[in-house]
Amino acid sequence: MARALNFAGAKAVAAAALPWRVVAQGGDARIASGPEWERENVGGIEWVWVYPGSFTMGSQPGEPMAYESEIVDPPRIVTLSAFQISASETTNAQYARAFPEHSPRDDLPSEAQWQYAARGGSRTRWPFGDDETQFGRHAWFADNSGRQAHPVAQKLPNPLGLHDMHGNAEEWTRDF
């Protein structure tokens with residue numbers, strides 16, 4: 001059974017861009033047209049619209065690579081409205097050039113927004129699937145980074161077109 005999506009950017013199945021990919025068979029199917037890229041490049045920052053949706057927030061006990069602070073037991077379902085997030089990590093200096101009147105801390109995504117965007121719609125362990133050997137293609141981490149930050153967008157993006165959502169530099173959220 002497919003449930004209707006009713007928000008800006010949602011498309012009928014016949015109008016959705018191909019190729020589609022089957023993540024799992026059985027149960028409900030959800031199709032959205034996202035992400036929609038904001039083409040305006042403000043201060044070197046490219047923005048992605050993340051469409052509304054629901055997801056299970058947090059990591060589960062026993063999940064590999066999860067920090068104790070990320071464990072949510074019992075799991076909780078979070079539903080979000082549409083929001084924008086930068087396509088890659090943004091420096092304080094880059095943000096100040098683009099938005100001199102705003103405090104970067106106030107404009108950070110919430111923890112729920114960041115988790116939803118980082119997962120990229122995936123229901124697997126990582127946005128790229130469950131295969132831990134693929135982690136190095138998608139993220140800088142202790143084993144491949146030389147323990148230093150790297151230029152953004154050097155690794156593969158998640159399904160929303162977002163880079164560096166795992167690894168490289170520590171991700172900040174306004175409520176964590």
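Overview of results
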| quantity | calculated |
| --- | --- |
| Filtered residues of the stretch 151-161 (kept if touching a strand residue (DSSP E or B) at 6+ places or on another chain (Cβ under 7 Å) and either at pLDDT below 90 or among the hydroxyl-bearing types (Ser, Thr, Tyr) (or both)) | 160, 161 |
| Residue identified as touching a residue at least 60 places away in the same chain (Cβ under 8 Å) and surrounded by fewer than 18 Cβ atoms within 10 Å (Cβ to Cβ) among 132, 101, 89, 170 | 132 |
| Condition broken by residue 77, with the remaining ones in (1) in contact with a strand residue (DSSP E or B) (Cβ under 6 Å, 6 or more places away or on another chain); (2) modelled with pLDDT of 80 or more; (3) surrounded by 15 or more Cβ atoms within 10 Å (Cβ to Cβ) satisfied | (3) |
| Top-ranked residue of the stretch 44-73 - restricted to ones that are assigned to a loop (DSSP other than H, G, I, E, B) and under 13 Å from the mean Cα position of the chain (by Cα), ranked as surrounded by the most Cβ atoms within 10 Å (Cβ to Cβ) | 51 |
| Selected residue (only one of 85, 77 is more than 16 Å from the chain's Cα centre (by Cα) and part of a strand (DSSP E or B)) | 77 |
| The lone exception for residue 100 - which of (1) in contact with a Phe, Trp or Tyr (Cβ under 9 Å, 6 or more places away or on another chain); (2) at pLDDT below 90; (3) assigned to a loop (DSSP other than H, G, I, E, B) it fails | (1) |
| Residue match in the stretch 55-74 (condition: at pLDDT 90 or above and among the small types (Gly, Ala, Ser)) | no |
| Only one of 93, 117 that is within 20 Å of residue 171 (Cα to Cα), at pLDDT below 85 and in a helix (DSSP H, G or I) | 93 |
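The values are calculated or read from the model by the stated rules, or taken from the named source; none is laboratory data. As the structure is a computational prediction, the values presented were derived from the model and not from experiment. We place every Cβ from the backbone using ideal geometry, glycine too, and count neighbours over all the protein chains shown.
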